[in-house]
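Visitor: Just dropping this structure here.
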Amino acid sequence: TPPLQPFAIRFGADNGTLEPQGPTLQRRMSDLEGLFADRRAWEQAVADGDPVVYTVVSSPVPEAARELPQSITTIFPGDTGGEFWMTKGHQHPDPQGEIYLGLEGRGGLLLFDGDRAEWLDISPGVIGYIPPGWAHRSVNVGDEPYRFLAVYPGSAGHDYGWVLTHGMGLRARRAETEATVGAETEA
Ligand code: S6P
Ligand code: ZN
């Protein structure tokens, strides 16, 4: 395909739309197998209507070498067995940096390089930087949808198996008494 021509993209910070828009996807609870610590709670949630946990809307910029695709992720509020709703998380097989910009709601960016885990609070106006080689997962720690813009190199690729094998080092749990961040070491 020939290189793109310059163009503007209008994004809806408050509704998660991109115009013009490229591919979109919805991830339901059943798509998150093996990710929540409490497998029984996950099975129950799948049986109880298999809710949509998050959506991803992309701009028309393709995931191709030297291009710079963007997408808006919206994670709905909730928890499964006390663990906040979250994205699957992935590594970029070709390690390259990525940035996230918080747009709405209250969330966090969990980063894991296989050795060290880090947690960044992300809210509207905050940019989270993901260095090359750090697996990343987003978490909604609030009571409304959490939404962010991601900008990433088109040749980075996505490896979801890495997280299933290595975990993410930390988990974000709803505190027993109040709905605040509870990032704890994995059991
Ligand atoms: C892509 C970027 C995001 C995620 C999206 C969904 O590199 O990190 O657009 O794809 O937040 O998360 P996941 O882990 O299901 O791809
Ligand atoms: Zn990524």
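The values are calculated or read from the model by the stated rules, or taken from the named source; none is laboratory data. Please read these numbers as outputs of a predicted model, since none were measured by experiment. Cβ coordinates were reconstructed from backbone atoms using ideal geometry, including for glycine residues, and neighbour counts include every protein chain displayed. With ligands, DNA and RNA removed, areas are computed over all heavy atoms of the protein, side chains included. Shrake-Rupley method; radii C 1.70, N 1.55, O 1.52, S 1.80 Å.
Visitor: Using the per-residue mean of other Cβ atoms lying within 10 Å as a proxy for protection, in what order, highest first, do the peptides 11-20, 67-76 fall?
Guide: Numbers: 11-20: 14.7, 67-76: 19.4.
Result, highest mean first: 67-76, 11-20.
Visitor: So, R0 is 22 Å and r is the distance between the beta-carbons of residue 38 and residue 119; what FRET efficiency does that work out to, to 0.05?
Guide: 0.65
Visitor: Average projected area of the Cα convex hull of the chain, in nm²?
Guide: Computing the convex hull of the Cα atoms and averaging its projections yields 10.7 nm².
Visitor: Given only helices, namely DSSP H runs of n ≥ 4 each adding -39500 (n - 2.57), what is the per-residue ellipticity at 222 nm of the chain, to the nearest 500 deg cm²/dmol?
Guide: Numbers: 2 runs with 15 residues, N = 187.
Calculated from helices alone, the mean residue ellipticity at 222 nm is -2000 deg cm²/dmol.
Visitor: For the chain, what is the relative contact order in percent, using Cα pairs closer than 8 Å and at least 6 residues apart in sequence?
Guide: 22
Visitor: Can you tally the net charge around residue 15? Count Lys and Arg as +1, Asp and Glu as -1, for every other residue whose Cβ sits under 15 Å from the Cβ of residue 15.
Guide: Numbers: positive: 10, 147; negative: 14, 19, 104, 144.
Summing Lys/Arg as +1 and Asp/Glu as -1 gives -2.
Visitor: Might you tell me the accessible area per residue for the chain, computed with a 1.4 Å probe and given in Å²?
Guide: Values: 9360 Å² over 187 residues.
Here the residues of the chain average 50 Å² of exposed surface.
Visitor: May I ask you to rank 46, 141 by accessible area, largest first, using a 1.4 Å probe over the protein chains only? All intermediate terms of the calculation are to be shown ahead of the outcome.
Guide: Values: 46 45, 141 0 Å².
Ranked list, largest accessible area first: 46, 141.
Visitor: How much length is gained if the chain between residue 158 and residue 127 is pulled fully straight, taking 0.36 nm per residue apart and subtracting their Cα-Cα distance, in nm to one decimal?
Guide: 9.1 nm
Visitor: First obtain the Kirkwood hydrodynamic radius of region 24-82 from its Cα pairs, then insert it into the Stokes-Einstein equation at 4 °C and 1.567 mPa s, and state the resulting D in µm² per second as a whole number.
Guide: Using the Kirkwood radius from Cα pairs, D works out to 100 µm²/s.
Visitor: Go through 150, 107, 68 and say which Cα lies farthest out towards the positive end of the charge dipole of region 10-185; charges sit on Cβ, +1 for Lys and Arg, -1 for Asp and Glu.
Guide: Projecting each Cα onto the dipole axis, the largest value belongs to 68.
Visitor: Treat each spin label as a single point 7 Å out from the Cα along the C-beta direction, and report the residue 10 to residue 94 distance in nm.
Guide: 3.3
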